[in-house]
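The values are calculated or read from the model by the stated rules, or taken from the named source; none is laboratory data. What you are looking at is a predicted structure, and each value in this text was computed from that prediction instead of being measured. Note that each Cβ is placed from the backbone with ideal geometry, even for glycine, and that neighbours are counted across all protein chains shown.
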Amino acid sequence: MASKTDPLNKDWYAILGANPTDSQAELKQKYQKLALLYHPDKLGTDVTDKHVENGSQRFIEINQAWKILGNEETKKEYDLNLRECEISRSWAVDTQIHLEDMSWNEDEDLYSFPCRCGGRYVLPQNDIEQTLLVNCDSCSLIIEILLENG
């Protein structure tokens, strides 16, 4: 899910002191303010090496946040990934299974796994990269598909 930009390891909105509802102009203003505040060239000569190092790291994070949130396409992808994570936290996941534990149905071009209710979890081949949560086709149970073993 987070593999393209690996956005979910940090809260890019919090780094900019922003909200998902902020406009692009508001995001840019917050970015510029923080970038000026933490830019290595703007730090005074009387600061410690530790302060310079912390400021430089903060500046790098601010720039990364802007790279993701300042671009409409990457912001949209990040917001979708955040929403999926929110949903996965709010919905009870019955169990986790590995993709290789699912049965492949060549005729239907999909993977399936039996649910304890008698229904089945269905994962179409073309949804594998996007889908990590799958609903049962008969009840409200949800499983999480683990794409890599380990």
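Taken over region 132-150, the criterion of being without any contact (Cβ under 8 Å) to a residue 40 or more places away in the chain and touching a Leu at 6+ places or on another chain (Cβ under 6 Å) is satisfied by VAL134 alone. Against the list (1) at pLDDT 90 or above; (2) out of contact with any Asp or Glu (no Cβ under 7 Å at 6 or more places or on another chain); (3) surrounded by 13 or more Cβ atoms within 10 Å (Cβ to Cβ), the condition GLY119 fails is (2).
Any residue that is of a type in the set (Asp, Glu), surrounded by 13 or more Cβ atoms within 10 Å (Cβ to Cβ), not in a helix (DSSP H, G or I) and not assigned by TED's automatic domain parsing to the domain that holds LEU132 - is there at least one of those in region 45-66? No, region 45-66 has no match at all. Of all residues in region 126-150, those satisfying the criterion of being under 16 Å from ILE97 (Cβ atoms), in a loop (DSSP other than H, G, I, E, B) and at pLDDT below 80 are ILE128, THR131, LEU132, GLU148, ASN149, GLY150.
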